[in-house]
Structure formats: structure tokens, C-alpha cells
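Heads up: the structure comes next, in C-alpha cells.
The values are calculated or read from the model by the stated rules, or taken from the named source; none is laboratory data. Everything quoted here is computed from the prediction, not taken from an experiment. Don't worry about glycine lacking a Cβ; one is built from the backbone with ideal geometry, like all the others, and counts go over all protein chains shown. For the accessible areas, the whole protein counts, side chains as well, though only heavy atoms, and no ligand, DNA or RNA atoms are used. Shrake-Rupley method; radii C 1.70, N 1.55, O 1.52, S 1.80 Å.
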Amino acid sequence: GIIVDTNFHAENCDSSFPIIFTNFNIIDGSLSNTPFDSLSVSTTYRENRLLISEFNMLTDAGKADLTGWINKDFISNLTIENNTNEMDLHFNLDKFEIKHFNSYLPWQFESSGLITGEGEISGPLNDMQILTNINIQKPIFDKIIGDELAGTISYKNKKLIFNNLQLKTKSGQYIAGGYIPLNLIKESNIDIKTLPIDLIVTGKSNELGFVS
């Protein structure tokens, strides 16, 4: 990417608690395989707390905003699995392409669609809680192809929970609720078909392709 503006300042570098200020703007770049038109970031790291004042990414389709804080020693300990430090993050998405998240999603199949909504991530790093209220246009999850998906998706106590999830397809409409047992910290490349899913789906359809 092209760095348009940057500011980096560090204090107390010889101590156990350095103070680091960062502020930068980049255009026409890529972050974790996500191409963007512009990225603006402003953070402060002080006494093992990372404060994110601004994280704003604009892509060709939409944008993502993130603010909040993470309590963690990023200097000498980068592990998360056994980390009980707290965090509190808030994000907003506006027509952001889901496929940019595929490398972070724990399941094997590809996902896509334009997601709009808001959410928060809180709690210990090794047992986080996630709450989102979303709307997805043109969602695709493996063999499920829809026109629109909306509802509340949360993650708590190692369960991915669906509340009042409404899916519209060309052949019908469905409402789903329930959960999938999942450990987002330890597991990856999961075959969801092998998990003991507790999910209730009701709806009306002109065909049975959705459940095949």
C-alpha cells in the first residue's frame, strides 16, 4: 500500500511498560489478504492496554470500523489460548464482503455475501463473547444460497448461537434458532456436519433443495 500519513512515538522503551502511539493512513493496500482502498488506524499502548481509537477500512464494496481496548502484554507474550486478560471491542460493518473473513472462520467451506451490522467482542481473550446484529445480502454458505439473511448471531460459552435468524431464498423463507458447539480459540477447519448441532428451522419453500 501507499502510506499517505504516519506518526509513531514511543516513550519509556527501557521499562516494563513502554508507551507507544501510532497513527497512520494507507491507500491501495491489503491487510490479511483483504484488499482495501484506504485504511486509517490510531492506537495507544500503555501499561499493557492497547487502546484502539480508530480503525477504519474502506474497500471497493463497503467499509468496516472498529474501536475499543485490549488488556494484554503484546511485548513479551503474544499467546491467546491461556490468556485471561480482558477486552472490549465494538465494530460496525457496511456492505463488507464476508469472503474477506474466510481465513478466520473455523469451518472448511467458503462463505460470501455483503454484511451490514454492528457487534461487540468482550470478555477474556481465551473465552471471548461475541454479539452481532447483522444483515447479509446475497449470502452463500457452502450449498446454501440466499437473497438475504438477517438476525442475531452470538458466541458464548463455546457455542455459536443463532436467534431469530431469517433467510430468504428464491424458493422460500426460513426462520432458524439454536446453536453449534464450537471453540473459536482452539479449533479450525471444522466439518460442521460432524458436530452435534441443535438447530430448529421452520419455513415455507417451493422445493426441498435447502435441506438436501
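Considering only residues that are of a type in the set (D, E, K, R) and not in a strand (DSSP E or B), which ones fall in the range 1-47? Let's see the steps before the verdict.
First pass over the range 1-47, keeping only residues of a type in the set (D, E, K, R): 5, 11, 14, 28, 37, 46-47.
Residues satisfying the conditions are Asp14, Glu47.
Of everything in the range 141-171, what is open to solvent by 20 Å² or more (accessible area, probe 1.4 Å) and among the aromatic types (Phe, Trp, Tyr)? Give them in sequence order.
Passing the criteria: Phe141, Phe162.
For (1) surrounded by 14 or more Cβ atoms within 10 Å (Cβ to Cβ); (2) assigned to a strand (DSSP E or B); (3) at negative phi, each residue gets a yes or a no:
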position: Gly123; (1), (2), (3): yes, yes, no
position: Asn126; (1), (2), (3): yes, no, yes
position: Pro139; (1), (2), (3): yes, yes, yes
position: Gln173; (1), (2), (3): yes, yes, yes
position: Val201; (1), (2), (3): yes, yes, yes
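Of the residues Leu184, Leu160, Leu114, Leu105, only one is touching a Phe, Trp or Tyr at 6+ places or on another chain (Cβ under 8 Å) and part of a loop (DSSP other than H, G, I, E, B); which?
Numbers: Leu160 fails: part of a loop (DSSP other than H, G, I, E, B); Leu114 fails: part of a loop (DSSP other than H, G, I, E, B); Leu105 fails: touching a Phe, Trp or Tyr at 6+ places or on another chain (Cβ under 8 Å).
So the residue among Leu184, Leu160, Leu114, Leu105 that is touching a Phe, Trp or Tyr at 6+ places or on another chain (Cβ under 8 Å) and part of a loop (DSSP other than H, G, I, E, B) is Leu184.
Examine the range 53-76 for a residue that is assigned to a loop (DSSP other than H, G, I, E, B), within 30 Å of Thr194 (Cβ to Cβ) and open to solvent by less than 50 Å² (accessible area, probe 1.4 Å), and state whether such a residue exists. Steps first, please.
Residues of the range 53-76 that are assigned to a loop (DSSP other than H, G, I, E, B), as a first pass: 59-62, 72-76.
After this cut, where a residue has to be within 30 Å of Thr194 (Cβ to Cβ) as well, the list is none.
No, every residue in the range 53-76 fails to be assigned to a loop (DSSP other than H, G, I, E, B), within 30 Å of Thr194 (Cβ to Cβ) and open to solvent by less than 50 Å² (accessible area, probe 1.4 Å).
Within the set of pairs 6+ apart or on separate chains, which have a first residue in the range 7-23 that is farther than 16 Å from Glu54 by Cβ, a second that is open to solvent by 70 Å² or more (accessible area, probe 1.4 Å), and C-beta atoms under 8 Å apart?
Pairs that qualify, where the first residue is farther than 16 Å from Glu54 by Cβ and the partner is open to solvent by 70 Å² or more (accessible area, probe 1.4 Å), are Phe17/Arg46; Phe17/Glu47; Pro18/Glu11; Pro18/Asn12; Pro18/Ile75; Ile19/Glu11; Ile19/Asn12; Ile19/Arg46.
If you check Lys143 against the conditions, is it closer than 25 Å to Ala61 by Cβ and modelled with pLDDT under 90?
When the stated conditions are applied, Lys143 passes them.
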